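In what follows, a single structure is set out as structure tokens and then discussed.
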Amino acid sequence: MEDPGHSVRGQLWGTVLIGHPGFLTASAGGARLSIKGARQFDGDRLKLRAGQKVGCLVLRFAERYRVRVNGTVEAVRYTAPGQLDMQIAVEQAYDSCKKYVNVRHIELDEPRLDRMGSSAPPVWRASVGAGALGAAEQSLVQAADTFFIASSSCPLAGELTGMVGQRPAAVQPAAASLPAATNSTQQQLQHQQRQQQQRQEQGALAFGCDISLRGGMPGFVQVLERGAVLKWGDYPGNYMFNTGGNLLLQPTAALLFLDFKTGDTLQVSGSADVLHGDMSLPGSKRAFVFRVHDYVHVTEALPITTRDQVDYSPFNPGALGAA
């Protein structure tokens, strides 16, 4: 399960919550998602708090099945270091396209799970950087056949958002500060200020976070400019354009890469743009470019192992049988 959330610096981060089977339950009617006894890996950058907008993705890789659940954290309680209970008020929940989910059988190492956050000597090691990925991080990205992208339509800390369909805009000056303004201009400014206030008051409905899976063949994510920029193609999917639509409003984004064999995690925070009409990458109708701001690479962060070979989606460009 992955949750994106804004930090106090206005960044976006994606993470993994992991737990024993049954740690996720939905209320009758599906209005709330309860998480009990979940673990956050050591070195995780995301700090969860009540009132925070989150987007969640629940996955069953072996069945190519995924469900997106977006909403607001109603309560969060850390019961032990790295262990938490949380309740989310659900605002959106729906099945998501499974075309590019690569099948893998993931096994949970429960003894290691129980040791997460304990005082036992750590086996993990964290590398932190900014501006460009290091050599190890670039190798992880280049080998990946799956990653997750977190996006948001929420304004950053200290920002107000302009009209729907625009990128976040600066707050307009008050009409009183414009002595030369006409009555008509004053009325327009006052109307815009009322709209901004209404959007803030109705933030639970107007804004939200989302996280989505991107899959392909190994190497489908390009590393450019010595690790400062990542690029990948946008393959035809469910045509809901959740991620791309959010990025048109708010370019702040986060990527999460996992090494399913070692349990390594790579969290990357930055900004992304949609390149409409860029069909230079095989099988894509457009491209995404992501500029790295900060990253955290934690080795052996997750208590997981995989067995068998990866069953790549037949829809992946470059896969045998792909159109």
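The values are calculated or read from the model by the stated rules, or taken from the named source; none is laboratory data. What you are looking at is a predicted structure, and each value in this text was computed from that prediction instead of being measured. Here Cβ is always computed from backbone atoms with ideal geometry, including for glycine, and neighbour counts include all displayed protein chains. Protein only, heavy atoms only, side chains kept; ligands, DNA and RNA dropped before computing areas. Shrake-Rupley method; radii C 1.70, N 1.55, O 1.52, S 1.80 Å.
The range 8-38 and the range 40-61 have Cα centres lying 7 Å from one another.
If Lys and Arg each add +1 and Asp and Glu each add -1, what is the summed charge of the other residues whose beta carbon sits under 13 Å from the beta carbon of residue 112? Please report the intermediate quantities before stating the final value.
Numbers: positive: 39, 115; negative: 42, 107, 109, 110, 114, 300.
Residues near residue 112 contribute -4 overall.
The aspartates and glutamates whose alpha-carbon is closer than 14 Å to the alpha-carbon of residue 53, local same-chain residues fewer than 8 away aside, are 2, 3, 74, 91, 210. Overall shape: oblate for the range 206-323, with the ratio a/c of the largest to smallest alpha carbon gyration tensor axis at 1.5 or above and b/c at least equal to a/b. Whole-percent P(r), the range 263-323, all Cα pairs, 5 Å bins from 0: 4, 13, 12, 12, 17, 21, 16, 4, 0.
For a quick protection proxy, order the peptides 139-149, 279-289 by their average other-Cβ count within 10 Å, most packed first.
139-149, 279-289
Accessible surface of residue 60, taken over heavy atoms with a 1.4 Å probe and every protein chain present, rounds to 120 Å². Evaluated at q = 0.29, 0.31 Å⁻¹, the base-10 log of the normalised Debye intensity for the range 240-280, with identical point scatterers placed on the Cα atoms, takes the values -0.96, -1.01.
Sum up the charges of everything whose Cβ sits under 12 Å from the Cβ of residue 143, counting Lys and Arg as +1 and Asp and Glu as -1, but leave residue 143 out. Please report the intermediate quantities before stating the final value.
Numbers: positive: 261; negative: 137, 145, 259, 264.
Net local charge, residue 143 excluded: -3.
Taken about its Cα centre, the range 1-115 carries a charge dipole of roughly 280 debye when the Cβ of each Lys and Arg holds +1 and the Cβ of each Asp and Glu holds -1.
Each Lys and Arg Cβ is given +1 and each Asp and Glu Cβ -1; about its Cα centre, the range 210-291 then shows a dipole of about 120 debye. Rounded, prolate or oblate: which fits the range 51-120 when a ≥ b ≥ c are the square roots of the eigenvalues of the alpha-carbon gyration tensor, with rounded for a/c under 1.5 and prolate only if a/b beats b/c? Judged from the Cα gyration tensor, the range 51-120 comes out oblate (a/c at least 1.5, b/c at or above a/b). For residue 285, the lysines whose Cα comes closer than 26 Å to its Cα, not counting residues fewer than 8 places off in the same chain, are 98, 99, 231.
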